[in-house]
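J.: Can you keep this structure in mind? I'll have questions shortly.
Only the coordinates and a few stated rules stand behind these numbers; no lab work does. This is a predicted model, so every value here is computed, not measured. Glycine gets a Cβ as well: all are built from the backbone with ideal geometry, and neighbour counts include every protein chain shown.
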Amino acid sequence: MTLLLVATKSEAEAFSFGKDDFKVVTVGVGLTQAAINTTLAINDYNPKRVISFGICKAIDPSMGIGDIVLGSTVCNYSLDLRTFKIPLGSTFDRDGNVINTVTLNKIIGSEPTFKGRKIHNNIHFGSADKFLLSGDSEILAVLGKELAVKAVDMESYSIAVAARQLEVEVSIARVVSDNYRGHRPKNFSRFLKESLEELCDFLESVEIS
C-alpha cells in the first residue's frame, strides 16, 4: 500500500484516486502535526511507501503555477543552529550526530510535460512552520542562494523524517500553487481539484525508485 499524505481536508476532498493500493490520509498543517500524524498513519496502515502529496510554493522562477514538482531531498530551512558551528537547516539527532537533508525515494517523470504541465525532477524541497509571502524577501533569498531550495511547503520534512525513522519509503509529489512572485490561481478550488486529479493520473503512469 501507498499512502498519499495531504495537509488539509480540502486537499483530500478535491480528488479521487483510482488505484485500490493507494489511500489518502490527512496529516494536518505544519511540521508537528505532520510528524505526529504520519507516524500514526504508518502504524495504522503499515504501508510500503508514503508520498507527501498536494501543493507547494515555487522558489525557482522557472516553475509556473500548475507545474508538477518531484522531490529528491528535503530540509527544514527554519533550523538555525549556526551558533553551534553547524550549517543552516541542520540539527542534532538523539545520538548527537549532525543531520540536515533527508534523501527521498525519487519519482521521475520520463517526459518533460504531463497533460501540458511542466515536470521538475530531482528538486530540493524546504519545509518550515511558515506560510511564505512575496514580502518575505530575506527568507526567499536565503532559500535560493544559501540552501538551494527550489520549492517549499509546511509538511514534507516531517513526513520524510517520520517515514525514514520507521523504515518506510518516502517521496514528494506536489503541484505549484504559488509562483515565486506569490501569484495564485483566481479560482483556487477549481485549480486544486484539477491539479490534484492530474497529479494522481501522473503517479499512476510512473515508477518510483
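J.: Return the single residue from Ile86, Ile108, Ile68 with maximal mean-square fluctuation; model: Gaussian network over the chain, springs between Cα atoms under 10 Å.
T.: Residue with maximal mean-square fluctuation among Ile86, Ile108, Ile68: Ile86.
J.: For the chain, with a Gaussian network of springs between Cα atoms less than 10 Å apart, report the residue from Gly116, Gly144, Gly89 with the top mean-square fluctuation.
T.: Highest fluctuation among the options: Gly116.
J.: Just to be sure I understand the model, the point goes 7 Å from the Cα along the line to the Cβ. What's the resulting Asp95 to Asn46 distance in nm?
T.: In this crude spin-label approximation the distance works out to 2.7 nm.
J.: Could you check the simple spin-label distance between His183 and Asp20, using points 7 Å along Cα→Cβ, in nm with one decimal?
T.: Using points 7 Å along Cα→Cβ, the separation is 4.5 nm.
J.: Shape of the range 106-174 from its Cα gyration tensor (a ≥ b ≥ c, root eigenvalues): rounded if a/c is under 1.5, otherwise prolate when a/b > b/c, or oblate?
T.: oblate
J.: How do Ile36, Ile59 rank when sorted from fewest to most other Cβ atoms within 10 Å of their own Cβ?
T.: By the 10 Å Cβ count, ascending: Ile36, Ile59.
J.: While we're on this one: Sort largest first and round to whole Å: the equivalent ellipsoid semi-axes of the range 86-134, each the square root of five times a Cα gyration tensor eigenvalue.
T.: Over the Cα atoms of the range 86-134, the semi-axes work out to 31, 17, 8 Å.
J.: Another question about this same structure. Treat each spin label as a single point 7 Å out from the Cα along the C-beta direction, and report the Ser110 to Glu13 distance in nm.
T.: Those two pseudo-labels are separated by 3.8 nm.
J.: Which of Thr73, Thr101, Thr83 moves the most in a Gaussian network model of the chain with Cα springs under 10 Å?
T.: Result for the chain, Cα springs under 10 Å: Thr83 fluctuates most.
J.: Only loop residues by DSSP count here, and only those with at most 15 other Cβ atoms within 10 Å; note down the chymotrypsin sites (Phe, Trp or Tyr not before Pro) in the range 107-187 that meet that.
T.: Phe131
J.: Among Ser134, Ser171, Ser16, rank each residue by its count of other Cβ atoms within 10 Å, from fewest to most, as a rough exposure measure.
T.: Fewest-to-most ranking of Ser134, Ser171, Ser16: Ser16, Ser134, Ser171.
J.: Still on this model: Which number comes out as Rg/Rh for the range 129-168 once both Rg and the Kirkwood Rh are worked out on C-alpha atoms?
T.: On the Cα set of the range 129-168, Rg over Rh gives 1.10.
J.: On to the next question. Longest segment of the chain with no GluC sites (Glu not before Pro) in a DSSP loop having at most 10 other Cβ atoms within 10 Å?
T.: With GluC sites (Glu not before Pro) excluded where exposed in loops, the chain gives 1-166 as its longest stretch.
J.: Moving on. Taking the Cα centre of the chain as origin, work out the dipole magnitude from +1 charges on Lys and Arg Cβ and -1 charges on Asp and Glu Cβ, in debye rounded to 20.
T.: Value, rounded to 20: 380 debye.
J.: Calculate how many DSSP beta bridges within the chain are antiparallel, expressed in % of all such bridges and rounded to the nearest 5.
T.: Around 30 percent of the beta bridges assigned by DSSP in the chain are antiparallel ones.
J.: If you take the beta carbon distance between Glu167 and Glu204 as r and set R0 to 35 Å, what does 1/(1 + (r/R0)^6) give as a FRET efficiency, to the nearest 0.05?
T.: With a Förster radius of 35 Å, E is 0.85.
J.: Output the direction-averaged projected area (hull surface divided by four) of the convex hull of the alpha-carbon atoms of the chain, in nm².
T.: Reported value for the Cα convex hull: 11.3 nm².
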